[in-house]
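Since every read-out is calculated from the coordinates, none of them should be taken as a lab result. Nothing here was measured: the structure is a model prediction, and the numbers come from that model. Quick reminder, even Gly has a Cβ in these numbers, built from the backbone with ideal geometry, and neighbours come from all protein chains shown.
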Amino acid sequence: MKASLKSLVLTIFGILSAAGPAGAVDVSGEHVDPNKDFGKDASYKLVGDTTFGWLSGTQGGDFDLNGHGFVMETGGGNRTVFSGTLSGSGSFQWHGGGVPQVSPSVLSGDKPNTFKGVFTLTNGILDLDKPAGVDAIPGDLVLGTKGDALVKLVKPNQINDSSNVTLCGPGINGLLLQGNSETIDSLTLGSRAVIDMGEQPSTLRIGNSSAKTWDPTKTLTIFNYKPGKDGLIFGTDEHGLGKSQLARIGFDMPAGMPAGLYTAKMSGSGQVQPDALVSAVNPPFDVTPTAVAGRTKILQVGGLRELSGKASPLKDGMTIDFFGDSITWQNTYIEAIDKALKAGEGTRGRTVKLVNRGINGGGVLSLRDGSDKAAYPGDSAQKPFAASIAADKADVVVVFIGINDVWWRNTSPEDFEKALTDLTVSAKANKSIVILATMTVHGELPDGKNSDDAKIERYCELTRKVAQASGSTLIDLRKAYIAYLQNNNAQLRVDGTLFFKPAGVLTYDGVHPSASGTELLANLIGDGILRALLKP
């Protein structure tokens, strides 16, 4: 009996010490759901290298790295607010860091982190929100080994003054000061990087970094710099950076100066300031103000504003069918059009039926001939085009197709042109108004270097040809997309080159629309519907 009681007491004590504040959990290996395994606010002592997956919510426990490596996976939109402390020696990797600009993850709490080792934010945004002067980052900091990685200061002096900060990897990395001042020991540049001073005056003091390796192909761009109010200081004199390093720094739109990007100069006290305006060197397309204005004009269409306005030509009881691939199947731009019509002065209260006939992965032949599955909604079957528009009694038919034909379906130009022509013939036989839209992009490089650009242009020309021959209204989405990307995806760098994002401007993956892409699509397609209905 005594032995059993002793065993029971020890068992209970072990459970309490592992799960509560009385002791830390000895942990190693991979734990997909540590909150479930150990409790939300458990403290941990690493007894081997450890990975936590999908750790989210507010975490109040402490971590003793105990000489080991720790990896925190917070990708997939999960947001972690870590208010405990990091101690011991080892390495700490934070993957993800929350949803950029929406719900970044946070290092908070009143006590300093003291662990000795490198803190790596591989990607995402991480807020540093300890009291001013209390170390959130106690040692060296590395940003961006996997993608875009940004550290944002919620309060001043979150990084230990002896920290060496390295900006590296494939993405855009840097520090968002938000008007808070900070001091670090040195800066190493190995990626396209940014420092945002914030709306309020701030000072970033960086120790002499002249001995640090800076990639000669990368640039550091300073945003929201306010001459005479902000400070960006390397070392204590003009030797805080080498000449080649200084040449990699640019100032974007400094306050009170003519708009543009500026090179950097350095004073005798180590202060780095804007110097001369930068011009693009041999740009792959015209970037003059006249050209930018011309491209802007392409995008300035009446769109949804006029389609839903007081003089809208849409009649009560009308049906509009939308045929396309996964871009249509996702229903985003159709929902945006529907929302505008329900709120518009001229269309509010009218019944205008919008029918999604998108086929996930579809091409022009699957639109014409139908599909056994993959149609909207979900994975439905869809009848051939002629039967679908007859059943829907479609007054207007929008056909937006082509990217899969070019990308992987390998539809021949002859078959593409004939199938598009067949669609227009069927629509006219149904007495439907026909609108043809060119495909958009496969990749967002506006200099013509996407792998499919030449083929896309060839097939877009076929769409234009069929629209003209059939008397259909044309929406030249391709032309508008390229105009938008050349105006909005051409970041001038301090060396005079232009940087283009391969995705993330109008698409999230090079094909499917982002929020901006959805807005542009809805407006352009809305304009096409407007023009088609107003045709004499």
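Ordering Arg248, Arg493 from the fewest to the most neighbouring beta carbons within 10 Å gives Arg493, Arg248. The P(r) of region 56-277 has a tail past 28 Å containing 25 percent of all C-alpha pairs. Pairs exceeding a 31 Å alpha-carbon distance, out of Lys152/Lys479; Lys36/Lys111; Lys339/Lys393; Lys146/Lys297; Lys353/Lys449: Lys152/Lys479; Lys146/Lys297; Lys353/Lys449.
Note that region 197-246, at 37 °C in a medium of 0.692 mPa s, gets a Stokes-Einstein diffusion coefficient of 273 µm²/s from its Kirkwood radius over C-alpha pairs. Which of the trypsin sites (Lys or Arg not before Pro) found in region 314-385 are loop residues per DSSP with 12 or fewer other Cβ atoms within 10 Å of their Cβ? Of the trypsin sites (Lys or Arg not before Pro), the ones in loops of region 314-385 whose Cβ has at most 12 other Cβ atoms within 10 Å are Lys315, Arg348. Over region 56-277, Cα pairs under 8 Å with separation of 6+ residues give a relative contact order of 11 percent. Modelled spin-label separation between Ala247 and Thr217, with each label point placed 7 Å from Cα along the Cα-to-Cβ direction: 1.7 nm. Computed over Cα pairs, the Kirkwood radius of the chain leads via Stokes-Einstein (1.306 mPa s, 10 °C) to a diffusion coefficient of 59 µm² per second. Modelled spin-label separation between Lys535 and Lys310, with each label point placed 7 Å from Cα along the Cα-to-Cβ direction: 2.9 nm. Annotation: amide H-H contacts under 5 Å for Trp94 (H modelled 1.01 Å from N, sequence separation of 5 or more, or interchain): Met72, Thr120, Leu121, Thr122.
The helix-only estimate of mean residue ellipticity at 222 nm for the chain, built from DSSP H runs of length n ≥ 4 each weighted as -39500 (n - 2.57), is -8000 deg cm²/dmol after division by the residue total. Globularity index of region 430-513 is 1.28 (Cα radius of gyration / 2.2 N^0.38 Å, N = number of residues).
Listed by chain and number, the aspartates and glutamates whose alpha-carbon sits under 14 Å from that of Lys373, ignoring those within fewer than 8 places in the same chain, are Asp325.
Which percent, to the nearest 5, of DSSP beta bridges fully inside region 56-277 are antiparallel?
15 percent
FRET efficiency for the Lys116 to Asn208 pair, using the beta carbon distance and R₀ = 25 Å, is estimated at 0.60. Phi angles across region 256-264 convert, under the Karplus curve 6.51 cos²θ - 1.76 cosθ + 1.60 with θ = phi - 60°, into 3J(HN,Hα) values of x, 10, x, 4, x, 9, 10, 6, 10 Hz, Gly and Pro given as x.
The GluC sites (Glu not before Pro) found in region 285-362 that occupy coil by DSSP, while having at most 14 further C-beta atoms within 10 Å, are Glu345.
For the pair Tyr508 and Asn35, what calculated FRET efficiency results from E = 1/(1 + (r/R0)^6), where r is the Cβ-Cβ distance and R0 = 25 Å, to the nearest 0.05? My answer for the efficiency is 0.30. As a proxy for reagent exposure, Glu30, Glu519 were ordered by neighbouring Cβ count within 10 angstrom, fewest first; the result is Glu30, Glu519. As a length-normalised measure over Cα pairs under 8 Å and 6 or more apart, the relative contact order of the chain settles at 7 percent.
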